[in-house]
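The values are calculated or read from the model by the stated rules, or taken from the named source; none is laboratory data. Quick caveat: nothing in here was measured; it's all calculated off a predicted structure. We place every Cβ from the backbone using ideal geometry, glycine too, and count neighbours over all the protein chains shown.
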Amino acid sequence: QVHFVETGGDAVQPGASLRLSCAASGHTTTTSVWGWFRQAPGKERTFVGAINWRTGDTLIADSVRGRFTVSTDDAKDTMSLQMNNLEPEDTAVYYCAASPEWPTRSPGRYQYWGQGTQVTVSS
């Protein structure tokens with residue numbers, strides 16, 4: 001089992017940057033695919049990005065490509081989501097989770113969900 005804790009969420013203005021972190025603990029080596037998802041009020045949880053930390057390969061949703069980047073640290077116990085040029089449409093609770101499959105963007109293929117961190121983009 002893997003336990004994730006997301007941090008870094010904040011209220012910012014459009015155009016700002018934020019860096020979210022997802023700290024992993026437990027049996028982290030059992031799942032090499034870690035992903036970021038987000039859920040806005042009244043909407044479904046959607047894929048943002050993912051990384052296969054064994055290969056370094058990444059996936060990014062079309063809606064955030066060019067603005068968001070997924071990475072892990074050298075110790076492979078923290079995943080980050082660098083978010084630049086934030087837009088009001090990026091407002092959501094951001095979650096991280098793990099999957100045994102690569103590549104996959106479906107929330108149903110992920111498990112060990114964290115509690116989420118709130119990102120609000122508003123002027």
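This table checks each residue for (1) surrounded by 21 or more Cβ atoms within 10 Å (Cβ to Cβ); (2) of a type outside the set (S, T, Y).
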residue	(1), (2)
V5	no, yes
R19	no, yes
A23	no, yes
G49	yes, yes
S71	no, no
D74	no, yes
E89	no, yes
G116	no, yes
Residue under question is R45, and the condition is that it be within 13 Å of R105 (Cβ to Cβ) and under 15 Å from the mean Cα position of the chain (by Cα); does it hold? yes
V70 meets each of (1) part of a strand (DSSP E or B); (2) under 15 Å from T7 (Cβ atoms) with one exception, condition (2)
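Part of a loop (DSSP other than H, G, I, E, B), within 16 Å of G9 (Cβ to Cβ), touching a strand residue (DSSP E or B) at 6+ places or on another chain (Cβ under 6 Å) and not β-branched (V, I, T): is that true of L81 in this structure?
Working: part of a loop (DSSP other than H, G, I, E, B): no; within 16 Å of G9 (Cβ to Cβ): yes; touching a strand residue (DSSP E or B) at 6+ places or on another chain (Cβ under 6 Å): yes; not β-branched (V, I, T): yes.
Criteria not met by L81.
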Set E101, E89, E44: member being at pLDDT 95 or above, of a type outside the set (G, A, S) and in a loop (DSSP other than H, G, I, E, B): E44
